[in-house]
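Since every read-out is calculated from the coordinates, none of them should be taken as a lab result. Computed from a predicted model, the values in this text were never measured in an experiment. All Cβ positions, glycine included, derive from the backbone under ideal geometry; neighbour counts span all protein chains shown.
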Amino acid sequence: MKKLRLIRSKREPLRSILVRKSKDLLGLERVKKEAISSLYSKDGRRIIFIHNPKVAGSSLKDLIKVKGQTHALAREVCNKRAWKKHYIISAIRHPFKRFVSSYKYHILSDYNGGMIDNYGKEFKELNAIEYFDLIKNHKRNSSSNFDFIMYPSKSKPFPDLILRYEDISGWDNILHENIDGLQGKLPHKNKSKSMLDSDDEIKHFFDISRIKNINLFNSLIDELNKFYKDDTIFGYKKVEKI
């Protein structure tokens, strides 16, 4: 099995860490500016977007005017003071479909971004098992919906508005009802080619996974079900093996 060596690692600057920790200790509001809507609000509260990967996040950012790259867990985006004060929006999707979409985007598309900078061109040669073994250590790319959008707060553990990718056709109405003065409609950027449902979808993934052994592929399905088990809280069911 292919194991890639990390070539480059991007770390948070020391000054940024000190500023973040000092604000938290002093009880001051802290929010990543890249996650804040530059134009819209909800009842006078700022709109903060938690960008869960492979859930139409780029399209949502365009519509609600969030301009920065915000692939960060909710607890990394803001501190508890800001979390409770402002209006938080995020989106979720069946974890299996998120993983497949991520695999297709990183490995099978013309993607040439940060993961290749970190691991080299061999990254594009990974099969689905090797990709999962690597990506599961990158929380901002692989965390469950639950881990990504959950906040350690008893009074407000989840965002104010959670959109389900499965209901994306109704997002425009939901967003216009919940964001003051929102203009425009949801574009659809970075859209993966749609896959079939149920058994045909699993078989399609096997075909593109670069895994030749069905038993190994089914072992991957078992690992994915275990890794994303917390997402059953949103009603997402485990995936059946071939």
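With 25 Å as the limit on Cα-Cα distance, the pairs of Lys32/Lys229; Lys33/Lys85; Lys136/Lys241; Lys203/Lys238 that go past it are Lys32/Lys229.
Once the cut-off is 22 Å, how many percent of the Cα-Cα pairs in the range 14-234 end up in the long-distance tail? Numbers along the way, then the final one.
Values: 13313 of 24310 pairs.
Looking at the range 14-234, the distances longer than 22 Å represent 55 percent of pairs.
Met150 sits among other residues whose Cβ lies under 9 Å from its own Cβ, and their net charge, with Lys and Arg +1 and Asp and Glu -1, is -1. Backbone phi angles across the range 67-81, fed through the Karplus curve with coefficients 6.51, -1.76 and 1.60 (θ = phi - 60°), yield HN-Hα couplings of 9, x, 7, 10, 6, 8, 4, 3, 6, 8, 6, 8, 8, 5, 4 Hz in residue order; Gly and Pro are listed as x.
Summarising the label geometry, the points placed 7 Å from Cα in the beta-carbon direction at Ser109 and Lys85 lie 3.5 nm from one another.
Our note on the geometry: Cα centres of the range 49-81 and the range 148-184, 11 Å apart.
Which shape class applies to the range 130-191: rounded if a/c is under 1.5, otherwise prolate when a/b exceeds b/c and oblate if not, where a ≥ b ≥ c are the square roots of the Cα gyration tensor eigenvalues? Oblate is the answer for the range 130-191, as a/c is 1.5 or above yet b/c matches or exceeds a/b.
Take the Cα radius of gyration of the range 36-120 and divide it by 2.2 N^0.38 Å, with N its residue count; two decimals is plenty.
Working it through for the range 36-120, the quotient is 1.24.
Here is the list for the range 74-152: chymotrypsin sites (Phe, Trp or Tyr not before Pro) lying in DSSP coil, each with at most 16 other C-beta atoms within 10 angstrom of its C-beta, are Tyr111.
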